[in-house]
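Please treat every number below as a calculation from the coordinates, not as lab data. Treat the numbers as computed from the prediction; the structure is a model and nothing was measured. Because the Cβ atoms are built from the backbone with ideal geometry, glycine has one as well, and the counts that use them run over all protein chains shown.
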Amino acid sequence: MSHYYSRDNDLLESKPKEFECVVAGNRYRFLTDRGVFSRDGLDFGSRLLLETLIPDVSGRILDLGCGYGPIGIALAKSCNAEVVMADVNRRAIELAKRNSGLNKVSVDVRLSDGLSEVEGDFDYIVTNPPIRAGKAVYYSWFKEAKERLRSDGKLVFVMRKDQGALSAIAHCKDLYGKADVIAKKSGYFIVLCQKCLTI
């Protein structure tokens, strides 16, 4: 069965729509369509993630599973950052490219399954992971991200408690050594993971 984190959503009949929103004082305009996540407006988890991170992140940032682009575009507009955005959904990637132009930001948008088509290392990897794709998908992202973070780099993700946030935090503590809840609201957790350096 198809879901928004899959390659075949461009086979769905296109029914584009548009919305505007304000995040951290900046107004954004986004085009969306069928077959992408949260097509009716900015979802609560992504908003909380952005409000937690802006304007404190900087450096080279990857928005993993970017969808039509709200997280990466807002970070590029609000932070001193070089932003790469990646998703496996072709329709989402085309929308992300168009939305970066609409919002006048310069970002590098990549069609990529996980990090497979993404080059280099990052100071931050941020994601609102595709829960409907299944734990095997986004747990593999957590592992891949660890290998692509710079020495002091951080993975930051948002997840609802009732969608497995507590087990994901425990998993990331085992994987990274550090996984802390840096914000929570209405059942959503913002989690920061960082590799613990061994002496």
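Quick notes
- GluC sites (Glu not before Pro) restricted to region 70-173 and DSSP loop, no more than 11 other C-beta within 10 Å: 117, 119
- Computed per residue of the chain from DSSP H runs no shorter than four, each worth -39500 (n - 2.57), the mean residue ellipticity at 222 nm is -9000 deg cm²/dmol.
- Length gained when the stretch residue 151-residue 26 is fully extended (0.36 nm per residue, less Cα-Cα span): 41.8 nm
- Inter-label distance, residue 34 to residue 160: 2.4 nm, where each label sits 7 Å from its Cα along the C-beta direction.
- Nearest-20 debye value, the chain charge dipole, Cβ charges on Lys, Arg, Asp, Glu: 380
- Whole-angstrom gap from region 126-199 to region 76-116, using each part's C-alpha centre: 21
- For region 52-158, the relative contact order comes to 27 percent (Cα pairs under 8 Å, sequence separation of at least 6).
- Flagged links, alpha-carbon separation over 20 Å, of 97/143; 15/135; 146/173; 143/184: 97/143; 15/135; 143/184
- Under 16 Å from the Cα of residue 17 - aspartates and glutamates, other chains or at least 8 residues apart: 33, 40, 43, 94
- Listed residues 132, 60, 34, most fluctuating in the chain (Gaussian network, C-alpha, under 10 Å): 132
- Surface/4 estimate of mean projected area, convex hull on alpha-carbon atoms of region 49-174, nm²: 7.3
- Placing R0 at 30 angstrom, the Cβ-Cβ distance between residue 133 and residue 44 gives a FRET efficiency of 0.95 after rounding to 0.05.
- Ascending count of other beta-carbon atoms within 10 Å, so fewest first, for 131, 93, 71: 131, 93, 71
- For the chain, relative contact order (Cα pairs under 8 Å, six or more residues apart, normalised by length) works out to 17 percent.
- Taking 16 Å as the cut-off, the amide N atoms of region 139-159 that come nearer than this to a point 7 Å along the Cα-to-beta-carbon line of residue 181 belong to 157-159.
- Listed from fewest to most Cβ neighbours within 10 Å, the set 180, 162 follows the order 162, 180.
- Cβ-based exposure ranking for 19, 189, in which fewest neighbours within 10 Å come first: 19, 189
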